[in-house]
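Take a look at the structure set out below.
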Amino acid sequence: MKRLLTHPWLTIRVQIALGAIFVIAAWPKIADPPSFAHMIYNYRLVPSSLINISSLVMPWIEMLAGLALILGIWKSAARNVIIALLAVFIVAISINLMRDNAIDCGCFNVADRGKSHEQRIFDMKVDVARDLGMLLLAAQLVYASKRERGIDN
Amino acid sequence: MNRKTIVQTAALIVAGIILALVANAFASRDRKLGLVGSYPNALTLPPHEMAVFHSQAATETSPPAMMAPSVTTAAPGQTPASTTVPGTTKQPAATAAIETVGLNPAAKNPAAKTPSSLPPATASAPPLPTPTNTPPDDDPIKRFPPHPDKPYVEVTFADVNWLHGKKVLFLDARRTSVYEQGHITGARPYSVWESDIDDKVRKLFDERGDPQSQSLPIVIYCSGGDCEDSHMLAQKLWGIQFNDIYVYKDGFPDWQQRGGPVHTGANP
């Protein structure tokens, strides 16, 4: 099982898939920072003065980390950044789920889609589950890398 | 995590910051952001009950579109009865007073204009109404008096339509790209999410910064529903002493649905 989980065939595909997801997610945010700033504002977790700078910088970090994973360069740095981002997303959405603050997550789309409160709450739960799934993919990369290093040593 | 990984992680983040700043510097006006934003209530949860607060006028004026407006209990020139949203804080610049009024001049004056007799679309910004030499029933300031103690008062279609007929200033708080697809005739684009909002607010202040002009009604709207952009813009304007601001709660979709005059393109 361990060998299967850390097989290079699987690892390379997970790496490319995770990288591609981040590149795809970053693009709409880079294309329309004001809409992404609006999304961040809706979370009601970021101080007013940090909303704009977060909405400008975060998508580019997502994009670079995703590209690094796809291209196989600075893999461990990209992995760390992606794990940190996913953790932030999961915590932020979960806090708003607990507060019953229905929001569009702004993960892959920054347009207001005019959903109802219930639809948004349901989608937020799906978003958390999806992010946890991506976190598992990232964990596979970490595990495979550790094992690879262990074998090398 | 070894040293090399830490350096690479830091480099990735720094590269992201640099790229973000460069991209923002070259972005078009409606895609650009100021580096430091100013958004009221960034850490305050919105009240869910917002949608419940419609004026009596609105609840009694259901479609058909652009029909003669509704019955109201507010007397002409009377300060509107209001309802404060529960759960709001008492901070002056925050959600201090989200209120709803039901003022409908046509109900008091059967001969008042029906919406279908509204003036045609104009390509220029609406002129300032003259507060003198107008009968009390017809004077926007008398009907919608300044309320310096609160940032805005929410109004519904009937009131908005009457104010539109009086050519008061309308501001569209939605994104410019959305504004260009269709807006209330005469409204100016004032998106709170675009970098030039402070310049526009400053320009408005230059245009009507004297106390008399600041007491003229201004109507702000966005997309209705849970859209808060109009409320944010209202708070910005209230912060620079504009004290007669009305937020069209149901926003552009309601206006369009009821057949209010709409203009497309970049001009008001």
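The values are calculated or read from the model by the stated rules, or taken from the named source; none is laboratory data. It should be emphasised that the depicted structure is a prediction, and the values quoted were computed from it without experimental measurement. Glycine also receives a Cβ, built like all others from the backbone with ideal geometry; neighbour counts cover every protein chain displayed.
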Just checking, does region B:248-262 include any residue being closer than 18 Å to B:Pro146 by Cα and crowded, with 23+ Cβ neighbours inside 10 Å? yes
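In this structure, does A:Ala37 turn out to be aliphatic (A, V, I, L, M) and facing another protein chain (nearest Cβ under 8 Å)? Steps first, please.
Values: aliphatic (A, V, I, L, M): yes; facing another protein chain (nearest Cβ under 8 Å): yes.
Yes: the conditions hold for A:Ala37.
Does B:Ser223 count as polar (S, T, N, Q) and under 24 Å from B:Val36 (Cβ atoms)? It would help to see each step written out before you state the result.
On the way: polar (S, T, N, Q): yes; under 24 Å from B:Val36 (Cβ atoms): no.
It is false that B:Ser223 is polar (S, T, N, Q) and under 24 Å from B:Val36 (Cβ atoms).
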Quick one: is A:Ala26 at the interface with chain B (Cβ under 7 Å from one of its Cβ atoms) and either of a type in the set (Gly, Ala, Ser) or surrounded by fewer than 18 Cβ atoms within 10 Å (Cβ to Cβ) (or both)? no
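From the list A:Ala84, A:Ala102, A:Ala144, A:Ala129, which residue is in contact (Cβ under 8 Å) with a residue 40 or more places away in the chain and of a type in the set (A, V, I, L, M)?
Working: A:Ala84 fails: in contact (Cβ under 8 Å) with a residue 40 or more places away in the chain; A:Ala102 fails: in contact (Cβ under 8 Å) with a residue 40 or more places away in the chain; A:Ala129 fails: in contact (Cβ under 8 Å) with a residue 40 or more places away in the chain.
Just a single option satisfies the conditions, and that option is A:Ala144.
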Is there a residue being surrounded by 18 or more Cβ atoms within 10 Å (Cβ to Cβ), among the aliphatic types (A, V, I, L, M) and within 21 Å of B:Pro40 (Cα to Cα) anywhere in region A:68-91? no
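Let's see how each residue does on (1) among the basic types (Lys, Arg); (2) in contact with a Gly (Cβ under 7 Å, 6 or more places away or on another chain); (3) in a loop (DSSP other than H, G, I, E, B):
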residue	(1), (2), (3)
B:Gly224	no, yes, yes
B:Met232	no, no, no
B:Gln235	no, no, no
B:Trp238	no, no, no
B:Pro253	no, yes, no
B:Gly260	no, no, yes
B:Asn267	no, no, yes
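Suppose we keep only residues that are among the small types (Gly, Ala, Ser) and in a helix (DSSP H, G or I) within region B:11-37. Which one would you say is surrounded by the fewest Cβ atoms within 10 Å (Cβ to Cβ)?
Restricting attention to region B:11-37, the residues satisfying the condition of being among the small types (Gly, Ala, Ser) are B:11, B:15-16, B:20, B:23, B:25, B:27-28, B:34, B:37.
When the remaining residues are screened for being in a helix (DSSP H, G or I), the result is B:11, B:15-16, B:20, B:23, B:25.
Details: B:Ala11: 13, B:Ala15: 14, B:Gly16: 22, B:Ala20: 24, B:Ala23: 17, B:Ala25: 8.
Filtering region B:11-37 for residues that are among the small types (Gly, Ala, Ser) and in a helix (DSSP H, G or I), the one surrounded by the fewest Cβ atoms within 10 Å (Cβ to Cβ) comes out as B:Ala25.
Under the condition of being under 19 Å from B:Pro40 (Cα atoms) and under 15 Å from the mean Cα position of the chain (by Cα), which residue from region A:40-67 is nearest to the other protein chains (Cβ to nearest Cβ)?
Looking at the filtered set, the residue picked out is A:Ser55.
So, of the residues in region A:96-109 that are hydrophobic (A, V, I, L, M, F, W, C) and within 11 Å of chain B (Cβ to nearest Cβ), which turns out to be nearest to B:Trp193 (Cα to Cα)?
Out of the qualifying residues, it is A:Ile103.
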If a residue must be modelled with pLDDT of 85 or more, farther than 17 Å from B:Cys222 by Cβ and in a loop (DSSP other than H, G, I, E, B), how many such residues does region B:122-180 contain? 10
